[in-house]
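FYI, it's all coordinate maths here, none of it is from the lab. Treat the numbers as computed from the prediction; the structure is a model and nothing was measured. Note that we place each Cβ from the backbone using ideal geometry, even for glycine, and neighbour counts take in every protein chain shown.
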Amino acid sequence: MLAPYRGPMPKGGERSYGGTPTFGVWNKQDARFIIVVRGTTYKVARLVAEAFHGPAPFDRAVVIHLDENAANNRADNLAWGTQRENLNAPGFLEYCRGRTGDRHPVAVGKRRRARS
């Protein structure tokens, strides 16, 4: 572990470096952990998969969370796969089925407005 130290920031002020390791920031928009290094955004799951499972085996490979929990970025929970495999995960299919017909968000909103 690095010893923590403070350094100047480009536009003034100080920032602490080192000390406690960080594992990314939860991105609410994408519902995943990300790390930003020098202005470039990296997905933590992809970095872990590349570190423990090697580079992507084919072009356009995606990282699949075996337990379908995007917050679980352990190496034993990640695998390389295709986008089709990722979209055919049982939890995602159930999520999609639950948002059809009368349970679709638009239909629910219309019912709520009609009651008002």
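Annotations
- Note on LEU87 and PHE58: their simple-model spin labels are 1.6 nm apart, each label 7 Å out from Cα toward Cβ.
- Crossing angle, helix 44-53 versus the chain [Cα axis fit, 0-90 degrees, rounded to tens]: 70 degrees
- Computed from backbone phi with θ = phi - 60° and the Karplus coefficients 6.51, -1.76 and 1.60, the 3J(HN,Hα) list for region 28-42 is 5, 5, 9, 6, 7, 7, 10, 10, 10, 10, 6, x, 9, 8, 10 Hz; x is used for glycine and proline.
- 20 °C / 1.002 mPa s Stokes-Einstein diffusion coefficient of the chain, Kirkwood radius on C-alpha pairs, µm²/s: 121 µm²/s
- For the chain, with +1 on Lys and Arg beta carbons and -1 on Asp and Glu, the positive-most of GLY91, VAL106, PRO55 along the dipole: VAL106
- For ARG32, nonlocal amide neighbours, meaning residues 5 or more places apart or on other chains whose placed amide H falls under 5 Å from its own, are ASN27.
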